[in-house]
Every structure is written in C-alpha cells, then in structure tokens.
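Undergrad: So that we are looking at the same thing, I have put the structure below in structure tokens.
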Amino acid sequence: MEQEIFQLSYLQAIVPELLLLVVGLLLLGVDLVLPEARKRELSVWAAAGFAIVALASPLAYLGEPQFVFGGMIGSEPLNAIFAFIFAMAAFLVALLSRDDERLEPSGVYYALIAFAVIGMDLMVAATDFIMLYLALELTGLSLYLLSAYDRRSRFSVEAGMKYFFYGSVASAVMLYGITFIAGLTGQTLYLGVRYLFASAVMPAWFGMGVLVLILAGVGFKVAMVPLHTWAPDVYEGAPTPVTAFLSVTSKAAGVMALMRLLVWIWGSLPSHAEMTSLIAALAIVTITLGNLFALRQKSFKRLLAYSSITQAGYVLVGVTALSPMGLTAVGFYLAIYAVTNIAAFTVLVLVSNRSGSDWLRDFVGLQQRSPALALALLVALLSLGGVPPFAGFVGKILLFAAALKSGFVWLVGAALANVLISLYYYLNAVRMAYTRAEEPVEPLSIPVASRWVLVIATAGIILGTILAYPLYHLLERAAMVWF
Amino acid sequence: MTLDSMAWLMLLPPVLAFWLIVLFFNRWKRLSHWTAIGAAFISFVLAQGIVIAGLRMGAEALAERPIHSLLPWLPTGATVLSLGVWIDPLTVALLFFVSITVLAIFVYSVGYMHGDPKYSRFFAFISLFAFGMFGLVVADDLLMLFIFWEIMGLCSYLLIGFWYHKPSAYRAAVKAFLTTRIGDVFMLLGIAYLYSQTGTLSYDVLFRNHEVLHRLATTPSVIGGLSVAALAGLLLFAGTVGKSAQFPLHVWLPDAMEGPTPVSAMIHAATMVSAGVYLVIRAFPLLSAGLGGAAGTPPKVAMGVIGAFTAFFAATIAVAQRDIKRVLAYSTISQLGYMIAALGVGAYVAAAFHLVAHAFFKALLFLGSGSVIVGMHHHQDMMEMGGLRKKMPITFWTFVAGGFALSGFPIITAGFWSKDEILAEAFHAAMGGSWLGWFVYTLLALGALLTAFYTMRQISLTFLGEPRSEHAEHAHETPWTMTAPLVVLAFFALTFGFVGVPEDFPVLGPLFGGNFFHHFVGATLMEEMETTPLNWVPLTISIVFALGGLYFGWWVYGRRPLEAGAPDPLERALGKLYTVLENKYYVDEFYDRLFIQPTIRLGAWVYKWIDRGVIDGILHTVAKAAVVSGQLFGWVDRVVINGGVDSAARGVGRMGEEGRRGLQTGLVQDYIFILAVFVILFVLVYFVRGAGL
C-alpha cells in the first residue's frame, strides 16, 4: 500500500472540486460588490459555474483506476460520473432557486451549494475513513446552513437547528466507530482495513458492531429508517430548492459511500450474510415506513419528503445485491431519481409561489392554470412511481433484477408490493392536478429559469428510458472497477 | 445510408410529428397539418427507398439474408431486451403500399377535416397511427409487433371516437377497442406460450428455423391432440380475427364508420385490418408447421373455414345496406375473409397479393365515399343520392375504378388478378381432393358474385340516375387535396395487378414479366413455391361471376334508376330475408343478449354483494384492526419513549398523522434517542451473539 502523498498530476483527479472551490469563492466575492438590485443575476453565474464543473467532471478520471493523495481518494470513472450528477443537480437547483419567490438567494447561498458538492464528491471518492469523515462533515455543515437559510421563516431556522443537532450526534457516533477501526487495526485506508477483515483476524461480530456505528453517520445521510427521523422536519422546513437539493444529492452521496464500504470492506468478511440481511431488513423497513407515512400527507412537500425516504429504500435494495449489477443499477437509479425529484420540486416551487403554502389541495386545477406544468408533474410522479415508459420504471427494473439475481426474492416481492402502494399517493397528486377547479383560476406562467429546469429534467426522465442501454453500459463499465 | 438505418429513421418522423403537434403546434392548424404531412412524406421517401433497394437486391438475396438490425434497449441481467427491424421481401411489399396509402390519406385529410375544431388533434392521432403501422411492419419479433399492434388499437379507439360528442361515436370506439381486445388477449397468450416454449420471440427463430418449427410441431401441447405450433398458431390467429374483423369478432368494424372518413380509410386499408392479415401471413410457417388432417394443420383449417365463411357472410350483408360507408365496411370484412381463406388453403403469396391490391382499391373507395359525403354535406344514405356522376366527375370515375377493382373486373383492374389468384389456388386445392378447398372455393366464388352485385348497386344508387334529394341536387366536386389522392390511388387500383399476372396467362403473362410478385414475395419462405398452373375453369367462372354480378346490379338499379322515396327493389324480391340482412343477421343483438346484458347484471350483482358486502366488510374489519393496533402501538411508543422524554403524555395514540406521537414527535431529542436505541440495540445484539453469551 505504498502510495505517494502528492504528485502534481493528482490535482487532475480533483479538478471538479477545485473548480467548485473557485466558483464558490468567486460567488462570495461577487456578492460583496454586486448592488442589491442585481443579486438575482447571481443564480445565472452560479448555474454557469456548475455547468462548467459538470462539463469538466470527466477529467477527474485519470484514464485508469488508481489511488491518489496517499490512497485517501480514488480516481475512477464512477467518481467522475457522480461529480457530473452532483454538478448537474447543483446547476438545476441554482436555476430553480432564482424562481422561488420566498427565497432571496445571495452569493453565500450558492457558495454553500458549491461547498456541499465538494463534500459530496469526496464522499463518493473517499477510500479512507478520515477522508470519509471529513467529506461527510463538509457536506453536512454546508447543508445545515442552507436549510436554515430563510431566516425570516421560523420553520427554516428550526429545520437547520434540528438537522445540525442530529447530524452532529450521528457523525460523532460514526467517528466513534472509526476509532475502533483505527485503534485495532492501525489503519484507516479502506484497503488496509479490508485486508484485516478478510484475513479473519477480526471477529465477525466486531465488524458488525462497528458497521452499526458507522451506519449512524452514513445512514443518516441516506435517511434510512430508523435514522430518517430528522428528514421530514428538515425537508418540510428548509426552503424548497434546498430540499430538492439535499433530497437527491446528499442521499446519493450517502448511498455511494455506504455501498463502497460494504463492497470493499464488509463484503470481504468471511461470512457477510448477516451484513446483507441487516441492510435488506433496513431497506424494506425504510420503503414501507416511508410509504405508509406518505399516504396520509396533506402537504405535498411532506409527501415528497416521505417519498424520498421510500425512494432511498428502493436504492438500498440494489445495494443489498452487492454485485456489479447492483452497483450499476444503484448508479442508474440515483441519476434518474435526481432529475425526477428536482422536476417534482420545481412544480411545487412554482405552485406555492402563488398559493403561499405547500398543500396538496393547491394543485387542484393546475391543468387549467398551466397544462405544461401539470404535464411535468405527471411525468415526474409517474416516473417516481415506476410507471413505464418513464426512466423510473427502467431504474426499478434494474434494481430489482440485481436483487433477484443475488437471491433476494422476498425483498423484491415486498418492494414490489410497496411500489403499488406508492402509486396511490403519486396518482392522487396527479389526480389533483388534473381535477377541474370549481372557481375560476388564474393562469400560471412558468418563469424562464424554471422552464429550463423542467425541460432538462423531463428530457432526462424520457431519455433515461430511450437511452437505457448505453447509460447502463457506461455505468456497468465504471462499476466493474470495484469488483 | 444503410437499409437498416433507413428503416429506423423511417419510424421517427410520424412519432415526432405526433409529439410536436400534441405538445407545441396544436394551436396552429396549418402548421399541424404540414408537420404531419411532412413527416409522412419523409417516411414515404425512406420506405420507397427501402423498397427500391430491396428490389435491387433481389428476392433470393433478401430472403436469404434479411436486413436485420438490433438496438439493445433494456438490460435484464444476463440478457438484453433488444428492439429490432427486419426487412425481407414480405416487409418490402407491405412498406410499398402502406407508405403510399398513408401519404394519400394524410393529404386527403386536409380537405376532409377542413374547419373541424379538433383539426390539429386529428393530425396528431393519425401520425401516431401511421407510426404504429410502420413499426409493426418492420418489427423483428412478436413482442415488438404486439407493442405496435396495441398502439394501433389505442389510435383506432381515439379516432373512431374522434367526434366523441356523438354518443354513437364513443360507443363505436369502446366497441372497437373491447372487441379487438378479446382477440388481443388470446394473441398475447399465444405469444407468451411461444416464449415459454422457445425462449425467444424473434421471427428469425420462430418462422425460419426448421429445427425449431419441427420441434414445435411435434411437441404435444397442453390441449390434447394439438401440437404446440398448432395451439400457438390458433391463439395468434385469434388476434387476427379481432384485428381483421373476422366472424365472430367482425361487429366492431362497421360501427367504426363513426370516425371521420380518412380514419375509415386508415383502418380499412393502410393500417389496422391489414396488420391482422400481415400477422398470419408472417406467421404462416408456424401456422402450417406439422401434420394435420387431410385439409391441413388445425390453424389452416380454422383460417379456411372462418375466412371463407366471413367472406360470404359479410358479402350478403353488404347487399342490403343503405349507408355508403357501411357497404364498404362489410365489403372490407368480406375481402379480408378472402385473404384469410387463401392462407387456409396454403396460398401464401395470393393472400399477400390481395392484401396489397385491396389496400389500394379500398383506400380509394373510402376516400371516394368521403368525397361523396363532403359533396353531399355529410349525408351518407345512398337512397338520398343519385345523379352525382355529372356533379362530381373525378370522384365518379375514380370510384368506378375502385369499384371495378373490388368486383374483379377482368384484365384491367388489380382486383381481378389478386382475387383470381386466390380462387385459382382454392380450386387447385379442391381438385387435389381437399374438402376445405371445395368449401373455400364455393363460398369465395359465390362471394365474388355478390361483391360485383353490391358494388354495382352502390355505384348506380350513388352516381347514376337523377338526384333523389335536395343535397344531391346541390352536390359539388371536392377540392384538389381530396381528388388528387383519389387519382393516385385509382392508378394503383387499376395497374398494380400487373406485377402478378400468372406466367402462363396468354399474351399478358410474358408481357408483364411472368408473375414478378409471386417470385418476389414467395421467396420469403425460402422454399420453392410451385405456381399453380393456369386453369381455365376457375378463370372462366371468375370472369362470368364478376361481369354477371356487375350486369345484374346494373339491371336492377342502373337500368331503371330509383325514384326518390321508392323502396329498394331488392326489398320486394327478398322479402323477410332483406330485413334479416339489413339487420346484419342480428349478430349485435345476439351478443347484447348473450354477453353484454348478463355482464352488466353480473356487475351489478358483484357490486351489491361482493363489493359492498364482502370486500367492504373485510376492509371495515381491517380498518378496525388498524385502529386497535394503532392504539396498541401508541401505547408501546408512549411507554418506550417515556423512559427518556416527558412528552409522551399528550393525546391518544392514534395511528394517523404519521404517528406524530410515535416516531415523528417533532422534537430533535426524541430523534436522537431513536438513533441511540438503534445503535445500542444492534451493537448489543451482535456483541451477545459474537461472544456466544
């Protein structure tokens, strides 16, 4: 495991992160000199910055998989792909933030998004426990502040505080777990730890105990039951664009970090059946609980919050497979889920701009007010519900096929039953949008920035189906690196 | 550009046009119709390009190595679900007429739909319809065929019910959708059965691999006495019975007249019903695989019996209809029966030949009748027409061309050559001693007589004599967008037959290059198809029946034109039988009594007893159980959480509102407590188990 700490060429592996740093700092600087009246322009600058980062993200892969910076992070295709996904999500959210009339984003707001993305990129890329912890904290701290960004809203501040308190405890527990590993093995590099796990020097029960401690930190990011409790409150209280952002990106980063830990380290335990059944159990509990709670929501925002918990559960089904196919499906689903959820939240932002609340009943008559918006909602929710021909359908097929292949028939059966349940509340929201309002309604126009968000997201949802094979193929090759 | 990429590209324009019109262009009528027509034109050019390239390659080469291209689409573990295109001589023949008729109908629609409030929507739907048909024709396996089949089913529903403010229109739409669906269910069963037996749905394996065919034909199926091939073939044929409106599922097609006339032309010629016949032609190797009785395999017998019966049965009904489009509708059912029956006696090429020829003249007849209807200000009763010959000359002459082709007027119409080929093959089979051959030949020959008769009746009532109503008096010729397609189609209705003149036909045979169509399409089967030697007996009978029927029709209706308000002369001659025919043998009423009313009664009963009684009862019990368990959980929650927090005393533990009092208290200390419980519990569990305590 001899690895150079630094070479100049290593910098290329973190080009997206370096660029994000530059973007963040520039936005902070511009914010100082820009007059108050022109603050809205910042969103365009931020979006342009994130777009550049997205375009530059393939550079992070140095041509062949390798470790850089002393093994702290890896340079591999999957990291580059997720750097792209996160930057795209940041791009869409930056545009969306401009159109939320209850939010007045400043340079700090966009800079925090940039810093959060740095953290998430590193969470995916981390191959060292210290690196993982630092990345998790960087992500967390940025997101806490973003959640509390709307200082005029009591709920937003409350959300930020809860998020912060919960996150601090969760990462402390995780750090406690890491100390066990470091203390007993003298190693923090994944590969070193893996070696000791595989050689059976470490008793299995010890490995499992440590996993539970680490799950506290990573599972908190994923918002898997029972570590999800913070999520509904934070999702509901935070400004809607921030909710959109953290419900897709930090979840995705958490899932990828978890999957890497499981595949690289715990998967090497001589008997890892116990570990996969733990994850499988948590997956199905996550799916079911999120679903049941989503069923009764009257607030669309809270409905999407619980739906996000359920969606993370589906991804965990793919994680359980612990196979190249599972990893590919997880990557595919996370990418699709990102655009789909952002599309749904965009519709919410535009509707609540007028109504001033998040209630589901505000959606009645949406089809009359703006057919395009109603259609976007339809596409997004059907995709979340896994209805063909939208990409969510393809994604679910891939996840479930991977789990089936690894022998989790009961898990897939239970997940499928839940897909049916989830259709109830997704279609209910669609039904609202397509119900005629009783009193006359005023038309709702879609601002330019949101229009682009919707077009890109909807295109993603449809292209995900059409281009299923090439995308799968790309991800599959990237996923093979881990195995 | 390679042929396979042309085939892929050909599919795109119509579906793009559909989405563009639906999403963006629907407010601009001209833009909408230009988009649709432009798309149809691009597809037309590409399709004809494929046809020309296919002709250049030659039938043998194309049959030996069909253009086959696969696009992987959905990875499903070890295998990948692929979409593919498949071009062999049969595909080429289909593409030839589909692209021409589709384009003609699109152009025609501009005139026919003029001023309709849902003009743009119409063009969007027919674009999707065309997409369905193109996709079906180039599909390379049964699954893809089925997908496009269903797209067309949807389009037919949308278009038949296009004027949904008319109750008759939406009822017809529902009827069409449900009736064809009966066939589709059986067809899907057949597809699933084939997949379970072979693990593939590809044409290449199912219809071309002799080993597979042999295995399917020799394996007994779940139903005693039938081989797998026979059972699957019968199930597939059921799909055709629905889609191509064969007895007993023919009832939807006449009602489908409620849609705008270009839609009728689409359904009757270019797309829907042709798809059904195409399926059985495509699946012919499977349908005829293995041994059967003296008459052939069970699917072939079924096709022969049902096809011939339908051909005759529908022709008798057509004789007594008054609505100009209904006559044509029954004539379509009848003509489709000819094709199906032809397959029953093994006349593979003849069926394909008649399919193409029929598409041309039936599209022509429908568009012609639409032109009459527009000229007559949307009146369709032939008894009110008359004398339109001078008022609508182009419509008249083209209609006569189409009508004569339908009747099989000798030599100069396409219908003569194609229908004669079927009759000759059936006669040949009959001579071979097959009872099915006799059955088919007799009914088809009699059907041909009736066909010529009702065609002349239609022409006479509509165009000859003096106007019998106000509207006929003021009828006028339609604009060029409607007449130009008529002229183009009339050209094909007359001349297309010359590609299939039997080799040994005196003078004409050698002149037209010796039955080119037969060699070209016949090559698809990749085995030498013997051509039936020219036999003067059926030929003479055909000619006599065609001319006799036409003359008889003229004698009854044309010689002494009907007075306004006078009854149909046939009514007096046939008496009660006329009423039976006019009411289509009361099949609809029969179905209503036998299926529809009992179903409605069953539904009411189920609602009353099962739904309200049993299911609601269970649900209420479950709901009660949920409340009780909710209280139980609430109690557990309170007790567990009470240990750490003092907030538990609030309220009653109801399971509602996401268990606000259980998991989601809104207090972060409770959340952290749950985290702690989780971590400590599991660490303890693993520790205890690991330490073996």
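Undergrad: State all residues of region A:90-111 that are surrounded by fewer than 24 Cβ atoms within 10 Å (Cβ to Cβ) and touching a Leu at 6+ places or on another chain (Cβ under 6 Å); if no residue qualifies, say none.
TA: Once the filter is applied, which keeps residues that are surrounded by fewer than 24 Cβ atoms within 10 Å (Cβ to Cβ) and touching a Leu at 6+ places or on another chain (Cβ under 6 Å), region A:90-111 yields only A:Gly107.
Undergrad: Follow-up question, since we're still on this one. Of the numbered conditions (1) farther than 14 Å from B:Phe427 by Cβ; (2) in a helix (DSSP H, G or I); (3) among the small types (Gly, Ala, Ser), B:Ala566 fails exactly one; give the number of that condition.
TA: That leaves (2) as the condition not met.
Undergrad: Among the residues of region B:23-34, which ones are closer than 17 Å to A:Pro371 by Cβ and surrounded by fewer than 18 Cβ atoms within 10 Å (Cβ to Cβ)? Please lay out each step first, then the result.
TA: First pass over region B:23-34, keeping only residues closer than 17 Å to A:Pro371 by Cβ: B:23-28, B:32.
B:Leu23, B:Phe24, B:Asn26, B:Arg27, B:Trp28, listed by residue number.
Undergrad: Exactly one condition in (1) within 11 Å of chain B (Cβ to nearest Cβ); (2) surrounded by fewer than 21 Cβ atoms within 10 Å (Cβ to Cβ) is not met by A:Thr328; state its number.
TA: So the condition that A:Thr328 fails would be (2).
Undergrad: Then there is this: Here are some conditions: (1) part of a helix (DSSP H, G or I); (2) under 24 Å from A:Glu274 (Cβ atoms); (3) not hydrophobic (A, V, I, L, M, F, W, C). A:Ser168 meets all but one. Which one does it not meet?
TA: If we test A:Ser168 against (1) part of a helix (DSSP H, G or I); (2) under 24 Å from A:Glu274 (Cβ atoms); (3) not hydrophobic (A, V, I, L, M, F, W, C), just (2) comes out false.
Undergrad: Right, another one. Just the residues that are farther than 14 Å from A:Leu375 by Cα, within 14 Å of chain B (Cβ to nearest Cβ) and among the aliphatic types (A, V, I, L, M), please, taken from region A:431-479.
TA: Across region A:431-479, the qualifying residues are A:Leu463, A:Ile466, A:Leu467, A:Ala468, A:Leu471, A:Leu474, A:Leu475, A:Ala479.
Undergrad: Now, a different point. Which ones in region A:234-251 are of a type outside the set (A, V, I, L, M) and part of a loop (DSSP other than H, G, I, E, B)? Working first, answer last.
TA: Within region A:234-251, the subset of a type outside the set (A, V, I, L, M) is A:235-237, A:239-241, A:243, A:245, A:247, A:249-251.
A:Pro239 - this is the single residue of region A:234-251 that is of a type outside the set (A, V, I, L, M) and part of a loop (DSSP other than H, G, I, E, B).
Undergrad: Condition check: assigned to a helix (DSSP H, G or I), within 14 Å of chain A (Cβ to nearest Cβ) and modelled with pLDDT of 85 or more. Does B:Leu20 satisfy that?
TA: No.
Undergrad: Next question, about the same structure. Of the residues B:Pro298, B:Pro254, which single one is of a type outside the set (S, T, N, Q), under 27 Å from B:Phe590 (Cα atoms) and more than 10 Å from the chain's Cα centre (by Cα)? Write out each step before concluding.
TA: On the way: B:Pro298 fails: under 27 Å from B:Phe590 (Cα atoms).
It is B:Pro254.
Undergrad: I'm trying to understand the selection: among the residues of region A:247-279, which are farther than 25 Å from A:Thr185 by Cα and surrounded by fewer than 24 Cβ atoms within 10 Å (Cβ to Cβ)?
TA: The answer is A:Ser277, and nothing else.
Undergrad: State whether the residues of region A:342-359 include one that is closer than 22 Å to A:Ala244 by Cα, part of a helix (DSSP H, G or I), of a type outside the set (Gly, Ala, Ser) and within 11 Å of another protein chain (Cβ to nearest Cβ).
TA: Within region A:342-359, the subset closer than 22 Å to A:Ala244 by Cα is A:342-359.
Still in the running and part of a helix (DSSP H, G or I): A:342-355.
Now restrict to residues that are of a type outside the set (Gly, Ala, Ser): A:342, A:345-351, A:353-354.
Checking which are within 11 Å of another protein chain (Cβ to nearest Cβ) leaves us with none.
No, there is no match, as no residue in region A:342-359 is closer than 22 Å to A:Ala244 by Cα, part of a helix (DSSP H, G or I), of a type outside the set (Gly, Ala, Ser) and within 11 Å of another protein chain (Cβ to nearest Cβ).
Undergrad: Could you say whether any residue in region B:530-544 is acidic (Asp, Glu), surrounded by 12 or more Cβ atoms within 10 Å (Cβ to Cβ) and not in a helix (DSSP H, G or I)?
TA: Among the residues of region B:530-544, not one is acidic (Asp, Glu), surrounded by 12 or more Cβ atoms within 10 Å (Cβ to Cβ) and not in a helix (DSSP H, G or I), which makes the answer no.
Undergrad: Which of the residues belonging to region B:443-499 are under 30 Å from B:Glu563 (Cα atoms) and of a type in the set (S, T, N, Q)?
TA: Once the filter is applied, which keeps residues that are under 30 Å from B:Glu563 (Cα atoms) and of a type in the set (S, T, N, Q), region B:443-499 yields B:Thr451, B:Thr455, B:Gln458, B:Ser460, B:Thr462, B:Ser469, B:Thr478, B:Thr483.
Undergrad: Return the residues of region B:71-101 that are surrounded by 23 or more Cβ atoms within 10 Å (Cβ to Cβ) and within 14 Å of another protein chain (Cβ to nearest Cβ); say none if nothing qualifies.
TA: Passing the criteria: only B:Pro75.
Undergrad: Taking B:Phe673 as the residue in question, decide whether it is surrounded by 12 or more Cβ atoms within 10 Å (Cβ to Cβ), of a type in the set (Phe, Trp, Tyr), within 26 Å of A:Arg302 (Cβ to Cβ) and at pLDDT 80 or above.
TA: Values: surrounded by 12 or more Cβ atoms within 10 Å (Cβ to Cβ): yes; of a type in the set (Phe, Trp, Tyr): yes; within 26 Å of A:Arg302 (Cβ to Cβ): yes; at pLDDT 80 or above: yes.
Yes; evaluated as a whole, the condition is true for this residue.
Undergrad: Right, something else. Let me spell it out: the conditions are (1) more than 30 Å from B:His379 (Cα to Cα); (2) of a type outside the set (D, E, K, R); (3) crowded, with 20+ Cβ neighbours inside 10 Å, and B:Gly225 meets all of them except one. Which number is the exception?
TA: (3)
Undergrad: Please identify the pairs in which a residue from region B:609-633 that is of a type in the set (Gly, Ala, Ser) has its Cβ atom under 9 Å from the Cβ atom of a residue that is at pLDDT below 75 and part of a helix (DSSP H, G or I), counting only partners at least 6 apart or on another chain.
TA: Cβ pairs passing all conditions: B:Gly630/B:Gly659.
Undergrad: Residues A:Arg431, A:Arg477, A:Arg451: which one is over 26 Å from the mean Cα position of the chain (by Cα) and assigned to a helix (DSSP H, G or I)?
TA: Working: A:Arg477 fails: over 26 Å from the mean Cα position of the chain (by Cα); A:Arg451 fails: over 26 Å from the mean Cα position of the chain (by Cα).
Exactly one of A:Arg431, A:Arg477, A:Arg451 is over 26 Å from the mean Cα position of the chain (by Cα) and assigned to a helix (DSSP H, G or I), namely A:Arg431.
Undergrad: Considering each of B:Phe162, B:Phe186 in turn, give the residue that is closer than 27 Å to B:Pro479 by Cβ and either at pLDDT below 90 or surrounded by fewer than 24 Cβ atoms within 10 Å (Cβ to Cβ) (or both). Even if it seems obvious, please write down each step before you answer.
TA: Numbers: B:Phe186 fails: closer than 27 Å to B:Pro479 by Cβ.
Matching residue, one of B:Phe162, B:Phe186: B:Phe162.
Undergrad: Look at region A:195-233 and say how many of its residues are within 11 Å of chain B (Cβ to nearest Cβ), under 23 Å from A:Glu158 (Cβ atoms), hydrophobic (A, V, I, L, M, F, W, C) and in a helix (DSSP H, G or I).
TA: 4
Undergrad: Looking only at helices (runs of 4 or more DSSP H) that lie completely in region B:375-431, which have at least 3 residues being modelled with pLDDT under 90, more than 30 Å from B:Val349 (Cβ to Cβ) and in the same structural domain as B:Thr478 (by TED's automatic domain parsing)? Outline the logic, then answer.
TA: Details: elements: B:388-391, B:393-407, B:414-431.
The qualifying helices (runs of 4 or more DSSP H) are B:388-391, B:393-407.
Undergrad: Would you mind stating whether B:Gly225 is on the phi > 0 side of the Ramachandran plot and modelled with pLDDT under 90? Write out each step before concluding.
TA: Details: on the phi > 0 side of the Ramachandran plot: yes; modelled with pLDDT under 90: yes.
Yes; evaluated as a whole, the condition is true for this residue.
Undergrad: Any residue at all in region B:502-513 that is under 25 Å from the mean Cα position of the chain (by Cα) and over 17 Å from B:Lys419 (Cα atoms)? Even if it seems obvious, please write down each step before you answer.
TA: The first filter runs over region B:502-513 and keeps only residues under 25 Å from the mean Cα position of the chain (by Cα), leaving none.
No, because not a single residue in region B:502-513 is under 25 Å from the mean Cα position of the chain (by Cα) and over 17 Å from B:Lys419 (Cα atoms).
Undergrad: Would you be able to tell me the number of residues in region B:549-567 that are within 22 Å of B:Phe404 (Cα to Cα) and more than 33 Å from the chain's Cα centre (by Cα)?
TA: 11
Undergrad: Something else now. Kindly provide the set of residues from region B:181-239 that are closer than 25 Å to B:Gly307 by Cα and of a type in the set (Asp, Glu), ordered by number.
TA: Once the filter is applied, which keeps residues that are closer than 25 Å to B:Gly307 by Cα and of a type in the set (Asp, Glu), region B:181-239 yields only B:Asp184.
Undergrad: Next question. Return a yes/no flag: does region A:62-70 have any residue that is assigned to a loop (DSSP other than H, G, I, E, B), among the acidic types (Asp, Glu) and either in contact (Cβ under 8 Å) with a residue 40 or more places away in the chain or surrounded by fewer than 23 Cβ atoms within 10 Å (Cβ to Cβ) (or both).
TA: Yes, region A:62-70 contains at least one residue that is assigned to a loop (DSSP other than H, G, I, E, B), among the acidic types (Asp, Glu) and either in contact (Cβ under 8 Å) with a residue 40 or more places away in the chain or surrounded by fewer than 23 Cβ atoms within 10 Å (Cβ to Cβ) (or both).
Undergrad: So if I check each of B:Trp19, B:Trp34, B:Trp73, which one is farther than 30 Å from B:Gly199 by Cβ, over 25 Å from the mean Cα position of the chain (by Cα), outside the structural domain of B:His518 (by TED's automatic domain parsing) and of a type in the set (Phe, Trp, Tyr)?
TA: Details: B:Trp19 fails: over 25 Å from the mean Cα position of the chain (by Cα); B:Trp73 fails: farther than 30 Å from B:Gly199 by Cβ.
Of B:Trp19, B:Trp34, B:Trp73, the one residue that is farther than 30 Å from B:Gly199 by Cβ, over 25 Å from the mean Cα position of the chain (by Cα), outside the structural domain of B:His518 (by TED's automatic domain parsing) and of a type in the set (Phe, Trp, Tyr) is B:Trp34.
Undergrad: Could you check how many residues of region B:642-667 are in a helix (DSSP H, G or I), within 8 Å of chain A (Cβ to nearest Cβ) and either at pLDDT 85 or above or surrounded by fewer than 19 Cβ atoms within 10 Å (Cβ to Cβ) (or both)?
TA: In the first step, residues of region B:642-667 are kept if they are in a helix (DSSP H, G or I); the result is B:642, B:657-659.
After this cut, where a residue has to be within 8 Å of chain A (Cβ to nearest Cβ) as well, the list is B:657-659.
Retained after the next criterion (residues that are either at pLDDT 85 or above or surrounded by fewer than 19 Cβ atoms within 10 Å (Cβ to Cβ) (or both)): B:657.
Looking only at that region, the number is 1.
Undergrad: Looking at (1) modelled with pLDDT under 80; (2) outside any loop (DSSP other than H, G, I, E, B), find the lone condition where B:Tyr591 falls short.
TA: It is condition (1) that B:Tyr591 fails.
Undergrad: Does any residue of region B:244-259 turn out to be closer than 30 Å to B:Arg121 by Cβ and modelled with pLDDT of 90 or more?
TA: Filtering region B:244-259 for residues closer than 30 Å to B:Arg121 by Cβ gives B:244-245, B:249-259.
Next cut, modelled with pLDDT of 90 or more only: none.
No; the residues of region B:244-259 include none that is closer than 30 Å to B:Arg121 by Cβ and modelled with pLDDT of 90 or more.
Undergrad: Just need a number here: residues in region B:54-70 that are surrounded by 14 or more Cβ atoms within 10 Å (Cβ to Cβ) and not in a loop (DSSP other than H, G, I, E, B). Steps first, please.
TA: Filtering region B:54-70 for residues surrounded by 14 or more Cβ atoms within 10 Å (Cβ to Cβ) gives B:54-55, B:57-59, B:62-63, B:66-70.
Restricting the remaining residues to those that are not in a loop (DSSP other than H, G, I, E, B) gives B:54-55, B:57, B:59, B:62-63, B:67-70.
The total comes to 10.
The values are calculated or read from the model by the stated rules, or taken from the named source; none is laboratory data. Nothing here was measured: the structure is a model prediction, and the numbers come from that model. Glycine also receives a Cβ, built like all others from the backbone with ideal geometry; neighbour counts cover every protein chain displayed.
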